[in-house]
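What follows is one structure encoded as structure tokens, with my remarks underneath.
Laboratory data are not the source of any read-out in this text; all were calculated from the coordinates shown. In this text, all values refer to a predicted model and were calculated from it rather than measured experimentally. Every residue, glycine as well, gets a Cβ built from its backbone with ideal geometry; the counts of neighbours run over all protein chains shown.
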Amino acid sequence: MNIKQLLLFCLLCVACVQEVPIDKTQTLPFYNSEEFTPEWILKSDKQYTQIHNIAPFEFINQNGEKITNKDFEGKIYIADFFFTTCPSICPILSKNMGSLQETYKEDENILLLSHSVMPWVDSVEKIKEYASTQKAIDGKWHLVTADRDQIYKIARASYFADENFKKTKDESEFIHTENFVLVDKKGRIRGVYNGTLAIDVQRLKRHIKILKREKI
């Protein structure tokens, strides 16, 4: 084999081991920071093992049951934040969560998780009553309460749910967000949507179809 043939052979070998680029129309990005910058990351990329994950959690749902991140392992879920006495965006968020519940009520691999941002008011009894008015299905849609610091920490550090906090860093500020956050089976954020907008809820549903087909 001469030098030219050797060089050609080496080039062919390199081409063979190159991975096919990610098809961004068929794969959802990851979100690793509060800026919500979409990032498409291959499994072979060294950054893959550093992808942001939702931190472990433990809450109490509308039935007084302990709910942890273990209950969501291997599941796709949509998370949001609400409080039972909210007169503005929360009724719209809950209505749209109800729409998602109806769409996926037969799909055991998709769950819903709503966190109260006013846990000092939203007792289990209040959450239970609210869940009943929203026709939340037990085991499908978990509405949860917990210690304030616990919920606010995961809202800010894991779900990046408090846009004002990244500016003010004021932990006393009340969290109020319209975001629906799409989380994959490995606890990674794959999409963020305005939960008050029907067009964004439809976009979320389209993205769930993509996510269900993914192998990453």
Rg/Rh ratio calculated on Cα atoms of the range 28-213 (Kirkwood radius): 0.94
Approximate spin-label separation residue 197-residue 148, in nm, with each point projected 7 Å along Cα-to-Cβ: 3.2
